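Report on the structure given below.
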Amino acid sequence: MTRTRRAFLAGLAPALATLAVAPVALAKPSPQDLVNQVAVANMFCIESATLALKQSSSSAIKDYAHRLADDHATIASSLRRIIARRSDIALPDRPDTRHLDLLRDLGALQGGDFDKAYVEAQRGTHHTLALLLEAYARDGEDPELKAFAADAFPRFKALEQKAQELPLSP
């Protein structure tokens, strides 16, 4: 296989992964589904940011991880305040299996290998969250969660953009 073809195929994998996740974000979620997806993503992002601060070899990634942890903690707090006043929606108490597996896999990596996997995970996660929140802010059925989505969307969109700017290798 030629070098050009390998490079093309390597670049195609993340694009296909994004396409595989995006339709879920575009479907109109129930209020409980929205809360679950945002809460799990918050937990995953905060935990993966902690890993990045320990295992990354890149100062740009560590700077991003600090901002990511702060932004996700703020959003998680806002979501907890909404859910605390309600009896019809519950927060998950831990990430789902897919995110736990990804955290385990990230935890086993160091340096440049960690950086590449971390950046790809953040790009996919924030792209999906931005799509989800944008759609819910526009079409969601719960007014309080629509307002939350409209408020959180710009932060997730900014984190998505910052993740796109991060280098995949040092």
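For the reader, a short list of remarks on this structure follows.
- Given (1) in contact with a helix residue (DSSP H, G or I) (Cβ under 8 Å, 6 or more places away or on another chain); (2) farther than 17 Å from residue 75 by Cα; (3) among the acidic types (Asp, Glu), index of the condition residue 165 fails: (1)
- Residue match in the range 52-65 (condition: modelled with pLDDT of 50 or more and closer than 17 Å to residue 133 by Cα): no
- For beta carbons closer than 9 Å, sequence separation of 6+ or different chains, a first residue in the range 37-59 that is outside any helix (DSSP H, G or I) and a second that is basic (Lys, Arg), the qualifying pairs are 56/62.
- One residue stands out among those in the range 79-89 that are over 20 Å from the mean Cα position of the chain (by Cα) and within 15 Å of residue 37 (Cβ to Cβ): the one that is surrounded by the fewest Cβ atoms within 10 Å (Cβ to Cβ), which is 82.
- Pick from the range 153-170, criterion part of a helix (DSSP H, G or I) and among the small types (Gly, Ala, Ser), ranking: surrounded by the fewest Cβ atoms within 10 Å (Cβ to Cβ): 158
- Breaking point among (1) over 24 Å from residue 61 (Cα atoms); (2) among the hydroxyl-bearing types (Ser, Thr, Tyr); (3) at pLDDT below 95; (4) crowded, with 19+ Cβ neighbours inside 10 Å, for residue 128: (1)
- Only one of the listed residues (48, 30) is buried (at least 22 other Cβ atoms within 10 Å of the Cβ) and within 30 Å of residue 144 (Cα to Cα). That residue is 48.
- Complete set of residues in the range 95-121 that are hydrophobic (A, V, I, L, M, F, W, C), assigned to a helix (DSSP H, G or I) and touching a residue at least 40 places away in the same chain (Cβ under 8 Å): 102, 103, 106, 114, 119, 121
- Just one of (1) at pLDDT below 95; (2) surrounded by 13 or more Cβ atoms within 10 Å (Cβ to Cβ) fails for residue 150. It is (1).
The values are calculated or read from the model by the stated rules, or taken from the named source; none is laboratory data. Please read all numbers here as calculations on a predicted model, not as lab measurements. Reconstructed Cβ throughout: ideal geometry from the backbone, glycine too, with neighbour counts over all protein chains shown.
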